[in-house]
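Step one of this worksheet: look at the structure below.
The values are calculated or read from the model by the stated rules, or taken from the named source; none is laboratory data. Quick caveat: nothing in here was measured; it's all calculated off a predicted structure. FYI the Cβ positions are ideal-geometry reconstructions off the backbone, even for glycines, and counts take in every protein chain you see. Ligands, DNA and RNA are excluded from the accessible area calculation, which covers all protein heavy atoms including side chains. Shrake-Rupley method; radii C 1.70, N 1.55, O 1.52, S 1.80 Å.
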Amino acid sequence: MYYGNCLCGTIKFTITGKINDIVYCHCSQCRKAQGSAFATNANVKKESFTFISGENNLTAYKYSAQQTKYFCKTCGSPIMSKNINHPENIRIRLGTIETDIQERPAAHIYTASKANWETINDSLPKYDEYKENC
Ligand SMILES: [Zn+2]
Ligand SMILES: [Zn+2]
């Protein structure tokens, strides 16, 4: 069981089961959404994600016809995104999880659009663009 919350603590949630497909995403969209060099994203099964509190403090940004991003309207913490092509999954932002995570990142994706000031120094696989299940 994993526990997560936003910066201000209004939104609290748990995840039961595994955290899947952890990736560092370097696309320009994730960089802007996080204000950083990359986002660390992962899939969890919809039925394993439960809000403890604060669900009504989420606000949404519909980024594309497929994808909507959800964040805390008080503190701005990015919590998750949903994609209509993958309704079985919730794509979480791993930095909001408090519990030690057992699973490990599998890859870097969208490295072709990474920030020019970022150097990737680990030996994980790097993919120029999207990689299914990454
Ligand atoms: Zn918050
Ligand atoms: Zn991205």
Check your understanding: Are any residues in region 39-66 more than 16 Å from ligand 1 (Cβ to nearest atom) and loosely packed, with under 13 Cβ neighbours inside 10 Å, and if so, which ones?
Key -> K46, E47, T50, K62, S64, A65, Q66
Check your understanding: Are any of the residues in region 7-22 within 16 Å of ligand 2 (Cβ to nearest atom) and buried (at least 17 other Cβ atoms within 10 Å of the Cβ)?
Key -> yes
Exercise for review: Filter region 121-134 down to residues that are without any contact (Cβ under 8 Å) to a residue 60 or more places away in the chain and not aromatic (F, W, Y) and give me whichever is most open to solvent (accessible area, probe 1.4 Å).
Suggested key: N121
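Residues are listed down the side, and each one gets a yes or a no for (1) in contact (Cβ under 8 Å) with a residue 60 or more places away in the chain; (2) in contact with a His (Cβ under 6 Å, 6 or more places away or on another chain):
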site: K18; (1), (2): yes, no
site: A37; (1), (2): yes, no
site: K46; (1), (2): no, no
site: G76; (1), (2): yes, no
site: R93; (1), (2): no, no
site: A106; (1), (2): yes, no
site: Y110; (1), (2): yes, yes
Review point. Which residues, taken from region 1-38, are in contact with a helix residue (DSSP H, G or I) (Cβ under 7 Å, 6 or more places away or on another chain) and either hydroxyl-bearing (S, T, Y) or within 16 Å of ligand 1 (Cβ to nearest atom) (or both)?
Key: G4, N5, C6, T10, I11, T16, S28
Review point. Among the residues of region 67-88, which ones are open to solvent by 70 Å² or more (accessible area, probe 1.4 Å) and within 16 Å of ligand 1 (Cβ to nearest atom)?
Key: K73, T74
Review point. Looking at A115, A65, which one is away from ligand 2 (no atom under 15 Å from the Cβ), out of contact with any strand residue (DSSP E or B) (no Cβ under 6 Å at 6 or more places or on another chain) and over 21 Å from Y2 (Cα atoms)?
Key: A65
